[in-house]
Amino acid sequence: MLQYKYSINKKICKGVRTMDLQKYNHFISDDKIHYSGNLLLSKMDKNGNKPETYISTANRSAGKTTWFGGYILNKFLTKNELFCILMRKKYQLEKAVSFMAYFPSALSVYYPDLEMKEDVGIKGVFNNIYVRLRGKENEWFLCGYSTSLNSSDDIRNFSNVFNNVARIWLDEFQPESGDYVKDEVKRVFSIHTSLARGGGLQSRYLPVILTGNLIDVNNPYYEHFGINRDINIETNFYRGNGFILEQGFNKNAATAHLHSTFNQSFSESDYSKLLTKKEYLKDDNTMILKSPNLKGDYLFTIKYCSKYFSIRYLYGLGFYYVNETADLTYNFALAARKEDLSDDCIFDGDNRFKKRMKKMYHNNIVRFSSYKAREAFTEFIK
């Protein structure tokens, strides 16, 4: 029954969509004022290949959600390419309104004559998303789906439903709350694998778009791709193996927030840099130092999240250095947290190394090889 419903909608879209809906497509891909993803989507990865993962970040209110919402609707209206929206939790699907977090601004800006709705495809697994010309009863056209990361195991069993999905989109991939689902990156990978089986191919090209604000350089996606090891906030486009990251900054949005009297009253808060600066909310880039001469005293090893980090004092530079390259033959290792405790290291919340390193950190004579090394160290000295 589900497949029959899908076939009918596909047929209607193919035969009527161009006449009834495409002329109401007012998507502007680049107006030179608001955010545009055109440049990001035109870039190649570090190997010169077309990326399959596109990551768009910028200051808040830059217009990323509006643009990408308009973009994927434009691809449906002009090429009949369906999309899949990713949410995090199953309860977001059960309300059957998940797309509303993605498309209201795009409809308002680019498609004021159109409206959208969503209904349950399979409860707790995926929903169907439809679009129509406002006021046209019973002329809804299937344009995409929504599912949750927590539904990744179930999606495998219904992968044939998504044969015509042309792109996947996850907005707010860096939640301000830090509330990621368990094994989040693996779940995105699993859903992509399931959906990319379509079209008679075991794995077809199916781009994933991740959009969000500049929140945390140690987010799970940056860690997975290795971005947090060497990213510089001044970098506009970071090319990786099969992916590309954009770190944008919309001056018009920043200026608007600066002129807001309400925002001015909170100008001293850390949160204000999300609006007015090209900075990560949870980041301080000044203590990252790449590849110094490691000649000096090896003091001890930290274990954090199953990884080992070395602490050295470098005589030539006069500071302590935390590095992801640890000497595992060194017989003294400390767990950064209780949960890092294991047979090969101890946890002592009141040890002398912790007290001394905390003092050195506040005296600004500690440097790090990467953001992950800094995260391990700051957990250790808590």
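The values are calculated or read from the model by the stated rules, or taken from the named source; none is laboratory data. Because the structure is a prediction, the values reported are computed rather than measured. Reconstructed Cβ throughout: ideal geometry from the backbone, glycine too, with neighbour counts over all protein chains shown. In case anyone asks, the SASA skips ligands and DNA or RNA and just uses the protein heavy atoms, side chains included. Shrake-Rupley method; radii C 1.70, N 1.55, O 1.52, S 1.80 Å.
A few remarks follow.
- Computed over protein heavy atoms with a 1.4 Å probe, the accessible surface of region 159-226 works out to 39 Å² per residue.
- Share of carbon and sulfur in the accessible heavy-atom surface of region 294-382 [1.4 Å probe, %]: 49 percent
- Surface composition of region 39-164: carbon and sulfur make up 44 percent of the accessible area, probe 1.4 Å.
- Rounded to 5, the percent of DSSP beta bridges in region 69-226 classed as antiparallel: 50 percent
- Gyration tensor verdict on region 74-162 (Cα atoms; rounded if a/c is under 1.5, prolate if a/b is larger than b/c, oblate otherwise): prolate
- Net +/- balance of residues flanking Gly349 in space, Cβ distance below 11 Å, scoring K and R +1, D and E -1: +3
- Spin-label proximity, Ser177 to region 49-90 - amide N less than 20 Å from point 7 Å beyond Cα toward beta carbon: 60-61, 86-90
- Here Lys307 is the anchor, and the aspartates and glutamates within straight C-alpha reach of less than 16 Å, apart from those fewer than 8 places off in the same chain, are Glu223, Glu324, Asp327, Glu339, Asp340, Asp343, Asp344, Glu375, Glu379.
- Of the whole protein surface, Glu139 contributes about 70 Å² of accessible area at a 1.4 Å probe radius.
- Using heavy atoms of the protein chains and a probe of 1.4 Å, the accessible area assigned to Lys90 is about 70 Å².
- Among the listed pairs Lys282/Lys338; Lys50/Lys136; Lys186/Lys354; Lys64/Lys382; Lys186/Lys303; Lys123/Lys282, those beyond 28 Å (Cα-Cα): Lys50/Lys136; Lys186/Lys354; Lys64/Lys382; Lys123/Lys282
- Accessible solvent surface per residue of region 38-92, calculated while the other protein chains remain in place, 1.4 angstrom probe, Å²: 36 Å²
- Shape call, region 34-129: gyration tensor on alpha carbons, a/c limit 1.5: prolate
- Cα gyration tensor shape for region 189-247, rounded if a/c is under 1.5, else prolate or oblate: prolate
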